[in-house]
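The values are calculated or read from the model by the stated rules, or taken from the named source; none is laboratory data. Bear in mind the structure is a predicted one, so any value in this text is a computation, not a measurement. Please note: Cβ atoms are built from the backbone with ideal geometry, for glycine as well, and neighbour counts cover all protein chains shown.
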Amino acid sequence: MIKRCQNEECGKSFTPARRDAKFCSDRCRGQANARRVRETAAPRPAVNVSALAASDARLGAIEARLESVARMMETRLDA
């Protein structure tokens, strides 16, 4: 019995060693599995750019406040 390899990149005909064989080689089975994993992988969540911008603005304000406090402490320690 001759079958066609189920790997989309291959598709060649082969004589299976087992009745339920779907791929002509281990390499083809690995390629098909890798493609299936890529295609079924959950998409990465989109980055909320506005939240990042707001976070950056808050961090900038905190940094400015910390610099101000550091200068004030430095002048008090020098006195």
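Conditions tested, residue by residue: (1) of a type in the set (Gly, Ala, Ser); (2) loosely packed, with under 10 Cβ neighbours inside 10 Å.
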{"residue": "Lys3", "(1), (2)": "no, no"}
{"residue": "Phe23", "(1), (2)": "no, no"}
{"residue": "Thr40", "(1), (2)": "no, yes"}
{"residue": "Ala46", "(1), (2)": "yes, yes"}
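Can you tell which of Asn7, Asn48 is touching a Lys or Arg at 6+ places or on another chain (Cβ under 8 Å), at negative phi and at pLDDT below 90? Steps first, answer last, please.
Working: Asn48 fails: touching a Lys or Arg at 6+ places or on another chain (Cβ under 8 Å).
The match here is Asn7.
Inside region 8-21, residues that are of a type in the set (A, V, I, L, M, F, W, C) and exposed (fewer than 10 other Cβ atoms within 10 Å of the Cβ) make up a count of 1. Comparison of Arg36, Arg71, Arg58 shows that the only residue that is closer than 30 Å to Asn7 by Cβ and assigned to a helix (DSSP H, G or I) is Arg36.
Any residue in region 33-49 that is over 18 Å from Cys10 (Cβ atoms) sitting within a Cβ distance under 9 Å of a residue that is surrounded by 10 or more Cβ atoms within 10 Å (Cβ to Cβ)? List the pairs, counting only those 6 or more apart or interchain. Between residues of region 33-49 that are over 18 Å from Cys10 (Cβ atoms) and residues that are surrounded by 10 or more Cβ atoms within 10 Å (Cβ to Cβ), there is no close pair.
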